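Please read the structure below before turning to the comments.
The values are calculated or read from the model by the stated rules, or taken from the named source; none is laboratory data. Owing to the predicted nature of the structure, the values given are computational and were not obtained by experimental measurement. Cβ sites come from the backbone with ideal geometry, for glycine too, and all protein chains shown count toward neighbours. In case anyone asks, the SASA skips ligands and DNA or RNA and just uses the protein heavy atoms, side chains included. Shrake-Rupley method; radii C 1.70, N 1.55, O 1.52, S 1.80 Å.
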Number of protein chains: 2
Amino acid sequence: MVRTTRQRTAVAAVFDDLEGFHSAQEVHAKLRASGDSVGLSTVYRAVQALADDGELDSIRTDSGEALYRRCSTQHHHHLVCRGCGRTVEVAGPAVENWADRVAAEHCFADVSHTLEIFGTCAACRAAG
Amino acid sequence: MVRTTRQRTAVAAVFDDLEGFHSAQEVHAKLRASGDSVGLSTVYRAVQALADDGELDSIRTDSGEALYRRCSTQHHHHLVCRGCGRTVEVAGPAVENWADRVAAEHCFADVSHTLEIFGTCAACRAAG
DNA sequence: CCTGCATGTGAGAACCATTGTCAACAGGAG
DNA sequence: CTCCTGTTGACAATGGTTCTCACATGCAGG
């Protein structure tokens, strides 16, 4: 039996207010900051439970940190500047289709993907 | 100046004998087992150095462990199975072009990108 | 309303891959 | 050969994640 507790509701609520991927640590800090404190262990459990239920999507960063995101949010990618960290959200239906097709060709199902583009923006190039 | 040491040679040699992805810990254990012992820190450093030189390709498992493998130096992406970690290398000129174009539209230069596709392979689906 | 109790919580410890530290070591240029 | 400097490795430290266990709390079924 799965219970509806203050803590789980709070964790789920965080992802309602947020775009994109966020770590369990981040969620924990956010809850603590908003006075609606929840134990770190509980955040991890809640987040994993949500991911198991298919409510959250999870990936790993290059440093091995786990990130979660509400699945239903509009899918997009990031164009990040190496110099100033400025980020532009970009959508690419072509890429989505390509990824799905490639996965299908290899008989993979439940396909998701991560994509980030890095570059140097005009301002940072001008600044040298 | 980069030196050629017994340890680095040993680590590189491990990947000559092995197919697929392997963790630093695994390489360390293998070297220790073969009597050709190398310190754990050194294995990590060697493996990262090889990855930096483009001699090894690296990914992360779902559990956050880093895996390395000798790879073709050609640019490609990975299609990774969530269940068994099986990896397929895929090339996608369309994606490369798209990424470059999107970056150009936003006046970004020196463009690079990362892309990984996740899914569940046929075998893992059958296994439940 | 209660009460029982299985389930959930949370502070802290444990875990474990990875990274940092630093004294000792060893390529290799001269 | 010698010296300089990059490299090594035992060990400690780090940091995200998971485990532990005493305590709290949803939620039926009375």
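Consider only pairs whose beta carbons are under 6 Å apart and that are at least six residues apart or on different chains; among these, list those whose first residue lies in segment B:20-36 and is within 14 Å of chain A (Cβ to nearest Cβ) and whose second residue is within 14 Å of DNA strand C (Cβ to nearest atom).
Matching pairs, first to second residue: B:Ser23/B:Glu65; B:Ser23/B:Leu67; B:Ala24/B:Val43; B:Ala24/B:Tyr44; B:Ala24/B:Val47.
Is it the case that some residue within segment B:93-111 is open to solvent by 70 Å² or more (accessible area, probe 1.4 Å), within 16 Å of DNA strand D (Cβ to nearest atom) and either at pLDDT 85 or above or not acidic (Asp, Glu) (or both)?
The answer is no, given that none of the residues of segment B:93-111 is open to solvent by 70 Å² or more (accessible area, probe 1.4 Å), within 16 Å of DNA strand D (Cβ to nearest atom) and either at pLDDT 85 or above or not acidic (Asp, Glu) (or both).
Checking B:Cys84 against (1) away from every other protein chain (no Cβ under 11 Å); (2) over 23 Å from A:Val111 (Cβ atoms); (3) away from DNA strand C (no atom under 13 Å from the Cβ), only one condition comes out false. Which one?
(2)
All but one of (1) away from DNA strand D (no atom under 12 Å from the Cβ); (2) surrounded by 15 or more Cβ atoms within 10 Å (Cβ to Cβ) hold for A:Gln48, so report the exception by its number.
The failed condition is (1).
Kindly establish whether A:Ser58 is of a type in the set (Ser, Thr, Tyr) and buried (at least 16 other Cβ atoms within 10 Å of the Cβ).
yes
Taking A:Ala123 as meeting all but one of (1) at pLDDT 90 or above; (2) open to solvent by 60 Å² or more (accessible area, probe 1.4 Å), write down the number of the exception.
Among (1) at pLDDT 90 or above; (2) open to solvent by 60 Å² or more (accessible area, probe 1.4 Å), A:Ala123 violates only (1).
Could you list, in sequence order, the residues of segment A:14-36 that are exposed (fewer than 15 other Cβ atoms within 10 Å of the Cβ) and within 14 Å of DNA strand C (Cβ to nearest atom)?
A:Gln25, A:Ala29, A:Arg32, A:Ser34, A:Gly35
Determine if segment B:65-76 includes at least one residue that is within 16 Å of DNA strand C (Cβ to nearest atom) and either more than 26 Å from B:Ala123 (Cβ to Cβ) or at the interface with chain A (Cβ under 10 Å from one of its Cβ atoms) (or both).
Scanning segment B:65-76 turns up at least one residue that is within 16 Å of DNA strand C (Cβ to nearest atom) and either more than 26 Å from B:Ala123 (Cβ to Cβ) or at the interface with chain A (Cβ under 10 Å from one of its Cβ atoms) (or both).
Given the residues B:Thr4, B:Thr42, which is the only one that is out of contact with any Ser or Thr (no Cβ under 6 Å at 6 or more places or on another chain), away from chain A (no Cβ under 14 Å), open to solvent by 90 Å² or more (accessible area, probe 1.4 Å) and within 10 Å of DNA strand C (Cβ to nearest atom)?
Within the list B:Thr4, B:Thr42, the selection yields B:Thr4.
Kindly list, by first and then second residue, each pair from a residue in segment B:102-125 that is within 7 Å of another protein chain (Cβ to nearest Cβ) to a residue that is basic (Lys, Arg), limited to pairs with Cβ atoms under 8 Å and residues at least 6 apart or on different chains.
Hits for this filter: B:Ala109/A:Arg125; B:Asp110/A:Arg82; B:Phe118/B:Arg82; B:Gly119/B:Arg82; B:Thr120/B:Arg82; B:Cys121/B:Arg86.
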